[in-house]
Amino acid sequence: MSHNRPLLPCLVVVISTIAWIGVAGVSPFWAQSGVQAPPKATEDLPAGPVEAKATTACLECHEARIILQQRLSKAAWTKEVDKMTKWGALVDPSDRDALIDYLSKNFSPDQPAYEPPRSSQGKTGQGKVAPGKGTHGKDVAVR
């Protein structure tokens, strides 16, 4: 018994399915390929004896800004470190307490609020000048 189906629509379905599987499978292999992802942040964590371990544990997945803007108690940092460790953060159990101490010392509620770096005073980002400011950050009349 012969089938009288057109071959072209079947080929299109097969080829598009193969292409979709190929695209979906590229990402996990790229992650393991040793190709470096672009840098995630231009800021660094504060200097200290645990800085390198915090960088390894935290900046593997987060930009430094995520940590820099936090103001948590020691109890909250303990919960956060334990949660992130469960989610795969690389924290050696012998370094856990030192990491929590480092984070709670540098990013506690009594620390000043985080102020992100600005590329130029008086600008709001993307080269736009803030309302009421001239191109050199001087106050100007707004009409």
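The values are calculated or read from the model by the stated rules, or taken from the named source; none is laboratory data. All values derive from a computational prediction rather than experimental measurement. Cβ: placed from backbone, ideal geometry, glycine included. Neighbour counts: every protein chain shown. Only protein heavy atoms, including side chains, enter the accessible area calculation; ligands, DNA and RNA are left aside. Shrake-Rupley method; radii C 1.70, N 1.55, O 1.52, S 1.80 Å.
The table below gives the values:
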read-out	value
Pairwise FRET efficiency - Thr85 versus Ala52, Cβ, R0 = 25 Å, nearest 0.05	0.90
Charge sum, other residues only, whose C-beta stays under 11 Å from Ser73's C-beta, Lys/Arg counted +1 and Asp/Glu -1	+1
Heavy-atom SASA rank of Ile100, Ile15, Ile66 (probe 1.4 Å, accessible area, largest first)	Ile15, Ile66, Ile100
